[in-house]
Amino acid sequence: MAQIEELEMDAHRAQLNSDLRRLVDKYRAIFGWDVPEVDEAFSERLIIESLRAALDDLEQQVVAAPRMTRHHFVQ
């Protein structure tokens, strides 16, 4: 049986994919503004590689951070 977190992630996966696509488009546009004859396919690959590296960094930060339980958020 799937955990509640997995079910929630499944419910929001399409939105996450859409958000990532918009992020790639945002930075591709920046490349285009800065470099008029940009190779869009190459710039997209660079952007995706950078996003992967940033996600790897974020994952390491999350793994290193102390775990928070639900009761930490109750006021």
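All of the numbers you see were taken from the coordinates with simple rules; none came from a lab. Predicted, not measured: the structure shown is a model, and the values here were computed from it. Glycine gets a Cβ as well: all are built from the backbone with ideal geometry, and neighbour counts include every protein chain shown.
Here are the numbers:
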| quantity | calculated |
| --- | --- |
| Helix 40-64 vs. the chain, principal-axis angle (Cα, 0 to 90°, nearest 10) | 20 |
| Summed residue charge, Cβ within 15 Å of Val62's Cβ, Lys/Arg positive, Asp/Glu negative | -3 |
| Net +/- balance of residues flanking Arg52 in space, Cβ distance below 12 Å, scoring K and R +1, D and E -1 | -3 |
| Hz values of 3J(HN,Hα) by residue in the stretch 20-34 - Karplus curve (6.51, -1.76, 1.60), Gly and Pro given as x | 5, 4, 5, 5, 4, 4, 4, 6, 5, 5, 4, 4, x, 5, 7 |
| Candidate values (1) 17.4, 54; (2) 16.9, 54; (3) 11.4, 34, label of the one derived for Rg and Dmax of the Cα atoms in Å | (1) |
| Electrostatic dipole magnitude of the chain [Cβ: Lys, Arg +1; Asp, Glu -1; Cα centre; debye, to 20] | 320 |
| For the stretch 6-13, 3J(HN,Hα) per residue [Karplus equation, 6.51 cos²θ - 1.76 cosθ + 1.60, θ = phi - 60°, Hz, x = Gly/Pro] | 5, 5, 5, 4, 4, 5, 10, 4 |
